[in-house]
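The structure appears below as structure tokens.
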Amino acid sequence: MHYAFKPSLLGAVWEFELTPDALIWRAGRRTGHWLYKDIAQVRLSYRPQSMQAQRYRADLRHKDGARIALLSVTWRGMLALSAQSADYRAFLLDLHRRLIAANSQTEYVSGLKRPLYVLGFGVLVVLGLTMALLGLRAMFEGAYAGAAFVAAFMALGGWQMGGFMWRNRPGPYAPDQIPAKLLPN
């Protein structure tokens, strides 16, 4: 099983290969050969960008502390990011199967790191309350168009950020039950 992507426009292609006993990776001049039993953590998250709303990320951590990331998108040109959903999904599913078969002691984590998630959630609550108060004030002042604008802005922001926060809620997962919300369809 092979997977490759280009994480930045000017950077090198990152290549990953699953062999019977190890994950082999190449990122420019750096290379690695990680036995499955030495992979300490797999963290899956949803990381949209302006040019690619369906962008997923898998962060792998080796027992020695080294880290590598796999992205579900690749740079194709100056203004083009291309989704590799099917290949990314197949690679991650196979990686999980191989980690299970190797009886690795890997920790499987979904979403953002808890402190970052709590901070983001708190900021969203404060922004939501502020916008609600602003909308109410606009209504009391008779500025109904302004109140409608605030309500529309809140609905759009709630939909966008609510989906991001829902997908990235931190927690463990079982390697044979990967959260569907953190894998492309």
Between a residue in the stretch 105-133 that is of a type outside the set (A, V, I, L, M) and any residue that is assigned to a strand (DSSP E or B) and open to solvent by 100 Å² or more (accessible area, probe 1.4 Å), which pairs come within a Cβ distance under 9 Å, given they are 6 or more apart or on different chains? Glu107/Pro172; Tyr108/Pro172; Ser110/Pro172
Being open to solvent by 30 Å² or more (accessible area, probe 1.4 Å), charged (D, E, K, R) and within 24 Å of Arg47 (Cα to Cα): is that true of Arg89 here? yes
Picked from the stretch 124-150 (must be β-branched (Val, Ile, Thr) and open to solvent by 50 Å² or more (accessible area, probe 1.4 Å)), the residue nearest to the chain's Cα centre (by Cα) is Val125
Looking at Phe164, Phe121, Phe153 in this structure, which one is under 15 Å from the mean Cα position of the chain (by Cα) and either open to solvent by less than 30 Å² (accessible area, probe 1.4 Å) or within 22 Å of Gln49 (Cβ to Cβ) (or both)? Phe164
Only one of (1) among the aliphatic types (A, V, I, L, M); (2) open to solvent by 10 Å² or more (accessible area, probe 1.4 Å); (3) touching a His at 6+ places or on another chain (Cβ under 9 Å) does not apply to Ala66, and that is (3)
Considering only the stretch 171-184, state which residues are open to solvent by 20 Å² or more (accessible area, probe 1.4 Å) and touching a residue at least 40 places away in the same chain (Cβ under 8 Å). Pro172, Tyr173, Ala174, Pro175, Asp176, Ile178, Pro179, Lys181
So, in the stretch 54-101, exactly how many residues are in a strand (DSSP E or B), modelled with pLDDT under 90 and not charged (D, E, K, R)? 8
Of everything in the stretch 1-49, what is small (Gly, Ala, Ser), outside any strand (DSSP E or B) and either within 19 Å of Tyr108 (Cβ to Cβ) or open to solvent by 30 Å² or more (accessible area, probe 1.4 Å) (or both)? Give them in sequence order. Ser8, Ala12, Gly28
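The values are calculated or read from the model by the stated rules, or taken from the named source; none is laboratory data. Keep in mind it's a predicted model, so treat the numbers as computed, not measured. Heads up, the Cβs are rebuilt from the backbone with ideal geometry, glycines too, and the neighbour counts pull from every protein chain shown. Areas reflect the complete protein model, heavy atoms only, side chains present, ligands, DNA and RNA absent. Shrake-Rupley method; radii C 1.70, N 1.55, O 1.52, S 1.80 Å.
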